[in-house]
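Okay, structure first, notes after.
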Amino acid sequence: MELRLATEADRKELYSLWNEAFGDGNDTMDLFFDTAVKFDNVPVIADDGKILSVLYLIETEIVNSTSSHSAYYIYAAATRKNHRRKGLMAELLEYSARLAGERNIDYLFLCPETEKLFNYYEKQGFKTAFYKSAEFEKYDGEDIPPYSFVNWNEAMVMLDCDFQGSDFYKCKFGFAQIEKTAHHILVKYFVSGQANAFLYEIKKEFPDKSLLVCLPSDSGGKKTGMIRKISDTAPEIRSAYMGLTME
């Protein structure tokens, strides 16, 4: 078996594994590969040209009110059914951590789909650090409280929006699922590369209504993601807002 980075020549095999693991058709895979994939960010385990296990590293950053830190979002991690429970994904995760360190990337993070996967990734050095709050906070047009946010590039914002297949408020800074009431605009979910600028645009769009936003919480919110700190100098992330779901 060979642990390496993918190349364009692996595309057919990557599509085959993706279809086996997630059931998506070529249109979805084309959209993802053409928008988000850089092959030197795709670690694989292969055997005689056949891709047995893979994960995709999406370049992004995690920001707060004072600093910005590089990160890879781990997406679509998958292993062929007849090669599971052999430690292949654990090898890929460790390889990704080494690769991130060599490239001066501060964090790896991901969204486990089940409680069982939260437990699995905890054994691989990840900890829960992303939460979906059940409460709304008022946004008055000034800076958001000092949370950490994932800043997504424009391509990933639009890709996630396409995958949602629903009506959202959109502007150049991102998109959001909102609900209008007589006196409020409820922002239930948003994806952006500039969180403050994006929420300010919504506030300007509805100047006669109060803007209420679901922001991260580490005191009872639903856990949605995990993080692994790669750089010793990067700060601990205890509660952050991710936004992106890629459902």
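Examine region 35-42 for a residue that is among the small types (Gly, Ala, Ser) and either open to solvent by 40 Å² or more (accessible area, probe 1.4 Å) or farther than 18 Å from Cys111 by Cβ (or both), and state whether such a residue exists.
no
So that you can scan it fast, the table gives a plain yes or no per residue for (1) under 27 Å from Asp106 (Cβ atoms); (2) out of contact with any strand residue (DSSP E or B) (no Cβ under 6 Å at 6 or more places or on another chain):
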{"site": "Ser192", "(1), (2)": "yes, no"}
{"site": "Glu201", "(1), (2)": "no, no"}
{"site": "Glu205", "(1), (2)": "no, yes"}
{"site": "Arg228", "(1), (2)": "yes, no"}
{"site": "Ala234", "(1), (2)": "yes, no"}
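For the condition open to solvent by less than 40 Å² (accessible area, probe 1.4 Å), charged (D, E, K, R), modelled with pLDDT of 95 or more and farther than 22 Å from Arg238 by Cβ, what is the one hit in Arg103, Arg80? Full working, then the answer.
Values: Arg103 fails: open to solvent by less than 40 Å² (accessible area, probe 1.4 Å).
Unique residue meeting the criteria: Arg80.
Name, by its number, the condition in (1) assigned to a loop (DSSP other than H, G, I, E, B); (2) under 19 Å from the mean Cα position of the chain (by Cα) that does not hold for Pro146.
(2)
Restricting to region 199-235, give me the number of residues that are modelled with pLDDT of 90 or more, of a type in the set (Gly, Ala, Ser) and more than 25 Å from Thr181 (Cβ to Cβ).
Number satisfying all stated conditions: 3.
Is it the case, given these coordinates, that Lys116 is surrounded by fewer than 21 Cβ atoms within 10 Å (Cβ to Cβ) and either modelled with pLDDT of 90 or more or over 29 Å from Asp30 (Cα atoms) (or both)? Write out each step before concluding.
Details: surrounded by fewer than 21 Cβ atoms within 10 Å (Cβ to Cβ): yes; either modelled with pLDDT of 90 or more or over 29 Å from Asp30 (Cα atoms) (or both): yes.
Answer is yes for this residue.
Can you pull out every residue in region 37-67 that is in a loop (DSSP other than H, G, I, E, B) and either in contact with a Ser or Thr (Cβ under 6 Å, 6 or more places away or on another chain) or of a type outside the set (Asp, Glu) (or both)? Give the derivation first.
Step one: filter region 37-67 for residues in a loop (DSSP other than H, G, I, E, B), giving 37-38, 42, 48-49, 64-67.
Correct list: Val37, Lys38, Val42, Gly49, Asn64, Ser65, Thr66, Ser67.
Only one of (1) farther than 30 Å from Ala197 by Cβ; (2) acidic (Asp, Glu); (3) within 20 Å of the chain's Cα centre (by Cα); (4) in a helix (DSSP H, G or I) is not met by Glu13, so which one is it?
Status for Glu13: all satisfied but (3).
Looking at Ile62 and the list (1) over 17 Å from Leu244 (Cβ atoms); (2) under 18 Å from the mean Cα position of the chain (by Cα), which single condition is not satisfied?
All conditions pass for Ile62, except number (1).
Do the conditions hold for Ala90, that is, is it in contact (Cβ under 8 Å) with a residue 24 or more places away in the chain and open to solvent by 10 Å² or more (accessible area, probe 1.4 Å)? Please lay out each step first, then the result.
Working: in contact (Cβ under 8 Å) with a residue 24 or more places away in the chain: yes; open to solvent by 10 Å² or more (accessible area, probe 1.4 Å): yes.
Spelling it out, Ala90 is indeed in contact (Cβ under 8 Å) with a residue 24 or more places away in the chain and open to solvent by 10 Å² or more (accessible area, probe 1.4 Å).
Here is a list of conditions, (1) polar (S, T, N, Q); (2) assigned to a helix (DSSP H, G or I); (3) closer than 30 Å to Asp232 by Cα, and Ser70 meets all of them except one; can you say which number that is?
Of (1) polar (S, T, N, Q); (2) assigned to a helix (DSSP H, G or I); (3) closer than 30 Å to Asp232 by Cα, only one is false for Ser70: (2).
Against the condition closer than 20 Å to Tyr120 by Cβ and either in contact with a Gly (Cβ under 6 Å, 6 or more places away or on another chain) or surrounded by fewer than 19 Cβ atoms within 10 Å (Cβ to Cβ) (or both), how does Tyr75 come out, does it pass? Can you show your working first?
Details: closer than 20 Å to Tyr120 by Cβ: yes; either in contact with a Gly (Cβ under 6 Å, 6 or more places away or on another chain) or surrounded by fewer than 19 Cβ atoms within 10 Å (Cβ to Cβ) (or both): yes.
Yes: the conditions hold for Tyr75.
Please indicate, with yes or no, whether at least one residue in region 44-63 is open to solvent by 50 Å² or more (accessible area, probe 1.4 Å), in contact (Cβ under 8 Å) with a residue 60 or more places away in the chain and closer than 24 Å to Val191 by Cα.
Looking for residues that are open to solvent by 50 Å² or more (accessible area, probe 1.4 Å), in contact (Cβ under 8 Å) with a residue 60 or more places away in the chain and closer than 24 Å to Val191 by Cα, one finds at least one in region 44-63, hence yes.
The values are calculated or read from the model by the stated rules, or taken from the named source; none is laboratory data. These figures come from a predicted structure and were not determined experimentally. Methodologically, a virtual Cβ is constructed for each residue, glycine included, from the backbone with ideal geometry; neighbour enumeration extends over all protein chains shown. The area values use the complete protein model at the heavy-atom level, side chains included, leaving out ligands, DNA and RNA. Shrake-Rupley method; radii C 1.70, N 1.55, O 1.52, S 1.80 Å.
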